[in-house]
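What follows is a set of notes on a single structure, which appears directly below.
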Amino acid sequence: MKRFLQALLFFVAMGLLWEALFRARLWSPVLVPSPVTVGQYLWEALRDGTLASAILVTLKRLLLGYVFGLALGLPLGLLTARFRLLADTLGLLALGLQALPSVCWVPLALLWFGQTEAAMFFVVVMGTLWSVIIATDNGVRNVPPIYARAARTMGSSGLHTWLVVILPAALPFIVGGMKQGWAFAWRSLMAAEIYVTILSGFGLGHLLHYGRELNAMEQVIGIMLVLLVIGLLADKIFFSPWERFLHRRWGTAK
Amino acid sequence: MNLPSEIAAEALSSKLSVQGVSKTYRSGARRVHALDNVSLEVGEGEFVCLVGPSGCGKSTLLSVIAGLDQADAGQVLTDGAPVVGPGRDRMVMFQESALFPWLDAIGNVMFGLRLKPGLDNAERRKVAEYYLHLVGLEKFHHAFVHELSGGMKQRVALARALAPNPRVLLMDEPFGALDALTREQLYGDIQRIWQQRKKTIVFVTHNVREAVCLGDRVVLFSPHPGRIREQFKIDLPRPRDINSVELARHATAITAALKHHVRPETEAGE
């Protein structure tokens, strides 16, 4: 509770500072609108439903691509860790593509798929996939071999060992990779939405883009705030419980 | 308490027969001749300690008996049947506890039981509880691995190895990383459990006193290549105290023999 209040106080202070800067008239109000104006925009957008539908469209794209990227990346990472040939081929490719900024997939996706949901999906999957492969591969390689040996003496072998010993043992790395994959997917989706208009759905990135087109700074800042809150919530809701679990089991918490 | 027949039944032990086992492996560019034509008979319910400097192949032999590593030549028989792979009749305790950090203490003990057919989950839990009690950890069922001290981890590892009711227990320097006081407690416990559960035990150590304290027989290895040099029968009454003068006398004689067999220059190569 105390930590929550501290955080609340911090953000209230930031808001007040912002309002003070606005009132000092250092910059044109077109460039630095008052937090009240931004609040009014958000309230309006919420009331007429544009905000909710944009959030829904964006999150749906994100989750779809992310879950698919995970479902593909996890087994591929296990395979590259298991088979030397795959490590030297697919593993190398993943390493290279992981370092590629995921925005770079946008032009390619547009040419291949046009202005469609498929292009969005493709970009998010590419953002997620490679870092999940790398993290899973890396996690498996860091599992102490003695775990598998101990499991073998107790009658575990083959797929059973992989599912019940190697996979949970690699979990700290895998969750790290899932988190990174999420961050990459989120960034690439925003880039794609800002870059290109897709008629099948109007996401947060589009709102941001049209805020700029219309010189509506309160919309730009308002949407950025929404993005920030979504990022925070994703971390707190999806990843924090996992990390707490890992810290408790592995004894890595402070 | 109505314990499953698992525990109530008189536990069985096996006769082990190691016949002409040789093993060479690569370590970087070097070839290590870990075992050279090693033969050893271990009787039913016997407690045998393998002693030697590091690199003498005693741990390799244990892995071969466990079925975790394959011999290049020779074979290992348990009650006349050749060992072809790991089996629940031969459980291993490693130097590091090798406990799984994602499971609590009882989850670790139950791991091997889950793979054992013919038990339902309630019975598995009962068996696991029995063995945790046997090693003195009845209050730590739900402790996670990092919450346990080094000695407690090895107790859980012992319970985990005992739980599938193996006929042979293979112990690879299990107390090597523990402090002296904890070790002494465990010497008492392991002797009590061995007498109670009647297992055949092969115990690897480089500590001669430890070997004399625990073993019916001490088998001396020398390295490069790994060979058995000499064997000593230990007739001291049990339970033995590692600090007793009588025990120290035996240990001194064996240490002298060990020094004789291991020439200084070969040890410098380690």
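Rule-based calculations on the coordinates, nothing more; no lab input. Bear in mind the structure is a predicted one, so any value in this text is a computation, not a measurement. Cβ: placed from backbone, ideal geometry, glycine included. Neighbour counts: every protein chain shown.
If r is the Cβ-Cβ distance from residue A:103 to residue A:157 and R0 is 56 Å, what FRET efficiency results, to the nearest 0.05?
Numbers: r = 44 Å, r/R0 = 0.79.
Here the calculated transfer efficiency is 0.80.
Taking every DSSP beta bridge with both residues inside the protein assembly as shown, roughly what % is antiparallel (nearest 5)? Please list the in-between numbers first.
Details: 24 of 42 bridges.
Around 55 percent antiparallel, to the nearest 5.
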Dipole magnitude of segment B:106-230, debye to nearest 20 (Cβ charges: Lys/Arg +1, Asp/Glu -1, about Cα centre): 400
State the Cα centre-to-centre distance between segment A:144-200 and segment B:24-61 in whole Å. 39
Taking the Cβ-Cβ separation of residue B:19 and residue B:233 as r and a Förster radius of 35 Å, what is the calculated FRET efficiency to the nearest 0.05? 0.95
Charges at C-beta only: +1 for Lys and Arg, -1 for Asp and Glu. How large is the resulting dipole of chain A about its Cα centre, in Debye rounded to 20? 1080
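In the structure shown, do any of B:153/B:199; B:15/B:198; B:23/B:58; A:179/A:236 have a Cα-Cα gap over 18 Å, and if so which?
Violating the 18 Å Cα-Cα cut-off are B:153/B:199.
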Between residue A:9 and residue A:40, take the C-beta separation as r, use R0 = 22 Å, and let me know the FRET efficiency to the nearest 0.05. 0.40
Helix-only [θ] at 222 nm, chain B, -39500 (n - 2.57) per DSSP H run of 4+, per residue, nearest 500, equals -11000 deg cm²/dmol
Summed side-chain charge close to residue A:42 - residues other than residue A:42 whose Cβ falls under 15 Å, Lys, Arg +1, Asp, Glu -1: -2
Considering only DSSP states other than H, G, I, E and B, which trypsin sites (Lys or Arg not before Pro) in segment B:49-142 qualify as loop sites with at most 14 other Cβ atoms within 10 Å? B:139
Could you order the peptides B:74-84, B:142-152, A:118-128 from most to least packed, using the average number of other C-beta atoms within 10 Å per residue? A:118-128, B:142-152, B:74-84
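Near residue A:219, within a Cβ-to-Cβ distance under 15 Å, what is the net charge of the other residues, with Lys and Arg +1 and Asp and Glu -1?
Numbers: positive: A:47, A:212; negative: A:44, A:48, A:193, A:213, A:218.
The answer is -3.
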Taking the simple approach of a point 7 Å from Cα along Cα-to-Cβ for both residue A:63 and residue B:73, what is their distance in nm? 6.6
Simple spin-label model, 7 Å along Cα-to-Cβ: residue A:232 to residue B:84 in nm? 6.3
Within 12 Å, Cβ to Cβ, of residue B:204, how many net charges do the neighbouring residues add up to if Lys/Arg are +1 and Asp/Glu are -1? -2
When the Debye formula is applied to the Cα atoms of segment A:37-250, each taken as the same point scatterer, what base-10 log of I(q)/I(0) results at q = 0.09, 0.16 Å⁻¹? -0.44, -1.04
Among A:148, B:93, A:120, whose Cα sits farthest toward the positive end of the charge dipole of the protein assembly as shown (+1 at Cβ of Lys/Arg, -1 at Cβ of Asp/Glu, about the Cα centre)? B:93
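Give me the percent relative contact order of segment A:122-228, please, defined on Cα pairs under 8 angstrom at least 6 residues apart.
Numbers: 95 pairs, mean separation 32.4, N = 107.
30 percent.
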Rg (Å, one decimal) plus Dmax (Å, integer) for the alpha carbons of the protein assembly as shown? 31.6, 97
